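Comments concern the structure below.
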Amino acid sequence: MGAEGAGRVQMAAARAAVAGILGRWAPLAARSTGLAARCCGTQVRAPAAAPLWKPKALLWGSAPGGGTASVLSSVTSLLPSILHQPARTVTYNSIKRGKRKTVKAVIARFLRLHNGLWVRRQAGYKKKLWKKSASQRKRLREFVLCTRTQCKLLDKMTTSFWKRRNWYVDDPYQKYHDRTNLRL
């Protein structure tokens, strides 16, 4: 197909797109203003629940499988997995017992000290260590205390079972559980 043929195909695609838009919106305008009846002398009926926009096939060829390829249709199939964010919300009433449930992601990522503070690891402490300097790797190995707002939120996401005091043998966090002169 030469340049003239490609131009004809593009013009036909443009005409189809304009016709699709006009076919969708002209009946709505005609109903509200009566414009179509005055201009054309005929009454235009509204199509039944037509989509506002439909992906068109690519102009420059077809897919290897025989059907026409559409970039949009291949991307939209990926969108739900990309746009879906994980939800770690609290279950207020469980199905079996009707009790509040703990968010397990909190228990896996954080440690609650008995004084109410929560401790977490520095973000990225396991990622791409080969490209980080020794001082940066040392800083990433350190623990971080959560802020007051974060501590309140994490307390809401856990039940009283996780807030009770535990006595472990050789607990490395023993000296951090009780703090004096600490405003929270």
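Please express the shape of the range 95-168 as an equivalent ellipsoid: the semi-axes are the square roots of 5 times the eigenvalues of the C-alpha gyration tensor, given largest first in whole angstrom.
Here the semi-axes work out to 30, 14, 11 Å.
What is the distance, in nm, between label points placed 7 Å from the Cα along the Cα-to-Cβ direction at Lys132 and at Arg120?
Those two pseudo-labels are separated by 1.5 nm.
How many nm is it between the label spots at Lys101 and Cys146, if each spot is 7 Å from the Cα in line with the beta carbon?
Simple spin-label model gives 1.9 nm for this pair.
Give me log10 I(q)/I(0) at q = 0.22, 0.27 Å⁻¹ for the range 125-184, Debye formula, one equal scatterer per alpha-carbon, no solvent.
With no solvent term, the Cα-only Debye profile gives -1.07, -1.15.
Every number here is computed from the coordinates shown, using simple stated rules; none is lab data. As the structure is a prediction and not an experimental result, all values here were calculated from the model. When we count neighbours, we look across all protein chains shown, and the Cβ atoms used for this are built from the backbone with ideal geometry, even at glycine.
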